[in-house]
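Here is the structure we will look at, set down as structure tokens.
The values are calculated or read from the model by the stated rules, or taken from the named source; none is laboratory data. Only a predicted model underlies this, so the values are computations on that prediction, with no experimental measurement involved. Neighbour counts are summed over all protein chains in view; Cβ atoms, including those assigned to glycine, are modelled from backbone coordinates with ideal geometry.
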Protein chains: 2
Amino acid sequence: MERKENLQQDKGALNVRSGVEGGHDGLTIKPKKFKKKSPDPVNINQLVEEIRFGHRTSLSKAITLIESSHHEHKEQAQRLLQELLPYTGKSIRIGITGVPGAGKSSFIEAFGTMLCNMGKKVAVLAIDPSSTLSGGSILGDKTRMEELSRNKSAFVRPSPSAGTLGGVHKKSRETMLLCEAAGYDVILIETVGVGQSETYVRGMVDFFLLLVLTGAGDELQGMKKGIMELADGIVVHKSDGDNVQKARRTVREYMQILHFLQPATPGWMSRALPASSIEKTGLSDIWEMICEFEQTIKRTDIWESRRLEQTKEWFHTMIRDSLIDSFFQNSNRKIQVKSIEEAILRGEITVTQGVSKLFP
Amino acid sequence: MERKENLQQDKGALNVRSGVEGGHDGLTIKPKKFKKKSPDPVNINQLVEEIRFGHRTSLSKAITLIESSHHEHKEQAQRLLQELLPYTGKSIRIGITGVPGAGKSSFIEAFGTMLCNMGKKVAVLAIDPSSTLSGGSILGDKTRMEELSRNKSAFVRPSPSAGTLGGVHKKSRETMLLCEAAGYDVILIETVGVGQSETYVRGMVDFFLLLVLTGAGDELQGMKKGIMELADGIVVHKSDGDNVQKARRTVREYMQILHFLQPATPGWMSRALPASSIEKTGLSDIWEMICEFEQTIKRTDIWESRRLEQTKEWFHTMIRDSLIDSFFQNSNRKIQVKSIEEAILRGEITVTQGVSKLFP
């Protein structure tokens, strides 16, 4: 099968392979070095069938198509996605964030493995704004999530390592839909708690989980403001060994804060729970909480209306992004905006006058 | 002087007068009913001088010019503002928000009057998104801030009662600059805690004050998420009579929550204080806190760099707003977007395909 992959020559070739082997090699992918060449035709109908049958190679290939910046690939990707749309939306989408060091990947490894053992099919995606800047990837490290990556019921996909955050976001949403069409029941979307990434992730998931460590509050320094108010659940992680007592206290502290904050999802009282990925404790409680959330929210119309709202918002965000992108596409524009900005900051012209210069 | 005002015939005529009398009559102003007619010329140089000498009539007239949607008025307003720019920026800008019923106007009345008695010149502006929708105004009620309105050292301006929130925001920023040029030391900007208004206000002030009532947390329901993380100070209001003990407890509770949240301003630990506008207690403590804030933050470069950042952000927001406005100016566009949106929500086309239809 591998040898028939038309996309092998493309930048996604390694990803396609890694999908088969369950490994990934984000750090060695250097998309910039690959030359664009006219891609060979992709048999969309065949790909649709294969994805629906849960072929991981085909899913990887489809994601590579989605991530490709080649014009023809883009069109093929959208046709493919359009065909698969009726089979999407059936998973529970879970966003996972946390400060660096909170142990996101070891948590996902342990939590995802538990879900697989329960008979679930689990897909893991990542939204990593740092990869846009550094070319690195939070999932780039080969040694991360090794056990989960090898699990037949899991699909671990490194984050797309090029493009703007808006682009990464778009691709992750579409990747999520592809995974759903391939029959994955649980989609875990990992993100780091910096910049706009959690707002993006919150806008594409049903349940949002925040990983923290003991010593509530202090380690939230440096995270995005209002992050706690995005969370449907907080996991006090590394609640093991000597840390168990401390973690319990931290859970109580977070419960107290959550009482004062607005719920992330109307009708759901966000809660904090302790867990250990090493001792594998608390993991099933977290899954039970998520199941209870699903049952509770599905009883109202919030589940479905939120998903529709998210899709609508995604559409409008993409309109706005496209407008801004095309406005700044003209390279002189950036220089012009910069020089107007400087005149404004020097107090020479008013902001309104500055804007008038751009839109005469 | 009054009879010479060329703008008397304009929509702002009542505001110009109310500036003189210190009253306001927002509810009776119906801007829609005024026909646009070619405005008489405004003597910008004279207006600049008068504003710099602190003439309230001239300041009112200038604000009317800023708020006018007439093309010539707009140009005159910008020329005027440009002339006055060198004299702006010397006030302390304080944003004040709170849930409905928190007593924002009685607080501003008491707090502003105290500041006037201390020899300060105080300007009160309002950003009221509800006025955009209902045509009403949070400052429209004649009976509100009656004492402060009559004070010679105060200038109370009702919120602009027409236009988009973006427009209101823009006008309020420019109104703030005019007040600074007219020598007001303290600018109080009132807003209701709904929608985007506090984010707008946070983006134009130095210090952001949140008014709450006793029973911490419960009344924050319905306020914008993350509002507490915007606040440099929290006032537990109506701390009077039987309420004093309860208010003290609430202050302690808020202090605890603030400990867990990120500071609104780097280098400043946000705090909570009790106050009563009826018994006039705690008001001077709040002013002392704000002065301490100013001293602390001015020692770093955050004061100035934040103001520059705010102006820059204002410029870029206006560019984005202009792009989106001009895109949707075509009336067919809205219909087109709506029909694409519906096709997306029905699952017929992908979001990316929908966007491609708009940007072929």
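Please give the helices (runs of 4 or more DSSP H) falling wholly within the stretch B:264-360 in which 1 or more residues are closer than 30 Å to A:S172 by Cβ and modelled with pLDDT under 95.
B:302-329, B:331-345, B:351-358
Within the stretch B:37-72, restricting attention to residues that are hydroxyl-bearing (S, T, Y) and more than 14 Å from chain A (Cβ to nearest Cβ), which residue is farthest from B:C179 (Cα to Cα)?
Within the stretch B:37-72, the match that is farthest from B:C179 (Cα to Cα) is B:S38.
I want to confirm something. Restricting to the stretch A:307-319 and keeping residues that are more than 8 Å from every other protein chain (Cβ to nearest Cβ) and surrounded by 17 or more Cβ atoms within 10 Å (Cβ to Cβ), which single residue is nearest to A:M176 (Cα to Cα)?
Ranking the candidates gives A:Q310 first.
Name every residue in the stretch B:327-360 that is within 30 Å of A:V351 (Cβ to Cβ) and either more than 7 Å from chain A (Cβ to nearest Cβ) or surrounded by 15 or more Cβ atoms within 10 Å (Cβ to Cβ) (or both), in order of residue number.
Selection gives B:F327, B:F328, B:Q329, B:N330, B:S331, B:R333, B:K334, B:V337, B:V355, B:L358.
Any chance you could count how many residues in the stretch A:73-104 are more than 26 Å from A:R307 (Cα to Cα) and within 14 Å of chain B (Cβ to nearest Cβ)?
2
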